[in-house]
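Engineer: My questions will all concern the structure given below.
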Amino acid sequence: MKKCQVVLKSGRRRSCSTSSSMITNVRYGECQKNHAANIGGYAVDGCREFMASDVEGTTGALTCAACGCHRNFHRREVETERLRCNNSLENAIASNK
């Protein structure tokens, strides 16, 4: 049995000019690959969420374990959250880097 992972990427961006932090979460949703494009039709496979076939950093991490399509065929959903920081919290974030 193969182990599957749901890909949820998150990154932390910090702006030097203001006292706020940006947290960006990227999630890959349903597959949008048109499997009937070569015959002039439209048919999707029904894959609801991207699950990586292998661990992050390998080529298998870009292939969906459920449908076999590349990650680019899945809908990309980006959530950005802005956090206001005071000086003590900003120093704690900087020291954790």
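Engineer: Mind checking which residues of the stretch 10-53 are at pLDDT 90 or above, in contact with a Ser or Thr (Cβ under 8 Å, 6 or more places away or on another chain) and assigned to a loop (DSSP other than H, G, I, E, B)?
Structural biologist: Residue satisfying the conditions is Ser53 alone.
Engineer: Could I ask something else about it? For the subset of the stretch 37-61 comprising residues that are loosely packed, with under 11 Cβ neighbours inside 10 Å and aliphatic (A, V, I, L, M), which member is nearest to Glu79 (Cα to Cα)?
Structural biologist: If we take residues in the stretch 37-61 being loosely packed, with under 11 Cβ neighbours inside 10 Å and aliphatic (A, V, I, L, M), then Val55 is nearest to Glu79 (Cα to Cα).
Every residue, every condition in (1) within 18 Å of Gln32 (Cα to Cα); (2) at pLDDT below 95; (3) more than 13 Å from the chain's Cα centre (by Cα), yes or no:
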{"site": "Val55", "(1), (2), (3)": "no, yes, yes"}
{"site": "Gly68", "(1), (2), (3)": "yes, yes, yes"}
{"site": "Arg76", "(1), (2), (3)": "yes, yes, no"}
{"site": "Glu79", "(1), (2), (3)": "no, yes, no"}
{"site": "Asn86", "(1), (2), (3)": "no, yes, yes"}
{"site": "Ile93", "(1), (2), (3)": "no, yes, yes"}
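Engineer: For Val7, which of the numbered conditions (1) among the β-branched types (Val, Ile, Thr); (2) at pLDDT 60 or above; (3) surrounded by 11 or more Cβ atoms within 10 Å (Cβ to Cβ) fails to hold?
Structural biologist: All conditions are met except number (2).
The values are calculated or read from the model by the stated rules, or taken from the named source; none is laboratory data. Note that the coordinates shown come from a computational prediction; the quantities given were computed from them, not determined experimentally. Please note: Cβ atoms are built from the backbone with ideal geometry, for glycine as well, and neighbour counts cover all protein chains shown.
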